[in-house]
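The values are calculated or read from the model by the stated rules, or taken from the named source; none is laboratory data. Here the structure is a predicted model, which means the values were calculated and not measured. Positions of Cβ are generated from backbone atoms using ideal geometry, with glycine treated the same way; all protein chains shown enter the neighbour counts. Ligands, DNA and RNA are stripped out before the accessible areas are found, and what is left, the full protein with its side chains, is counted by its heavy atoms. Shrake-Rupley method; radii C 1.70, N 1.55, O 1.52, S 1.80 Å.
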Amino acid sequence: MQDQDYMKIALEEAQKAAMIGEIPIGAVIVCDGEIIAKAHNMRETWQDATAHAEIIAIKQACEKLGRWRLTGATLYVTVEPCPMCGGAIMNSRLDKLVYGCKDSKAGGIESIFNILSNPNLNHRAEVLGGVLEEECAQVMKDFFKKRRAENKSK
């Protein structure tokens with residue numbers, strides 16, 4: 001499978017989030033060609049500020065592999081990770097991050113902060129942005145358009 005194939009699976013996770021009223025962000029972690037974790041945002045459902053798709057997927061991957069270092073693994077996520085998730089990516093030693101669309105309001109990888117490319121940190125992951133960018137951005141646009149319409153009707 002290629003980057004686009006894994007991102008499509010992350011998009012499926014994002015759709016699951018949208019269906020339960022969560023901000024539609026999905027994540028997939030792949031190691032040695034095998035999907036070892038899949039997750040979507042659960043902040044509202046769990047009432048947990050840290051329940052971002054990336055954090056949940058990292059926890060699942062660590063549990064599956066029985067280690068906290070996720071070297072050899074790639075994280076696919078539909079939206080550019082926030083600073084918290086960027087820190088988790090760095091701390092878990094993921095080799096690569098592939099994301100769909102940028103987050104101009106909270107992006108921690110390239111848009112606002114550059115956590116994974118900071119030379120002062122002890123780990124840097126390869127970053128590839130813009131994979132299925134239009135599709136990933138559309139999921140977010142559709143979700144917030146629907147939410148605005150629902151709020152107007154209240």
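Below is a table of values for the structure above.
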quantity	calculated
DSSP bridge orientation in the chain - percent antiparallel, rounded to nearest 5	55 percent
Theoretical FRET efficiency, 1/(1+(r/R0)^6), r = Cβ-Cβ of N91 and Q2, R0 25 Å, to 0.05	0.35
Nearest-ten-degree value, helix 53-65 long axis tilted from longest Cα axis of the chain	40 degrees
Carbon and sulfur %, accessible surface of the range 67-154 computed with the full protein complex present, 1.4 Å	49 percent
Spin-label pair I112/E34, simplified geometry with 7 Å Cα→Cβ offset, distance in nm	3.7 nm
Label-point separation in nm, Q15 to N120, each point 7 Å along Cα→Cβ	4.3 nm
Estimated 222 nm signal from helices in the chain, with DSSP H stretches of n ≥ 4 weighted -39500 (n - 2.57), rounded to 500	-13000 deg cm²/dmol
Segment W46-S153, length gained on full extension (0.36 nm per residue, minus Cα span)	35.9 nm
Pairwise label distance in nanometres, E135 with S104, each label 7 Å out on the Cα-Cβ vector	2.4 nm
Helix 133-152 vs. the chain, principal-axis angle (Cα, 0 to 90°, nearest 10)	40 degrees
Residue with peak Gaussian network fluctuation, the chain [Cα springs, cutoff 10 Å], from P119, P81, P24	P119
Rel. contact order, % - alpha carbon contacts under 8 angstrom, at least six apart, the chain	19 percent
Mean Cβ count within 10 Å, highest first, over the residues of peptides 72-79, 140-147, 56-63	72-79, 56-63, 140-147
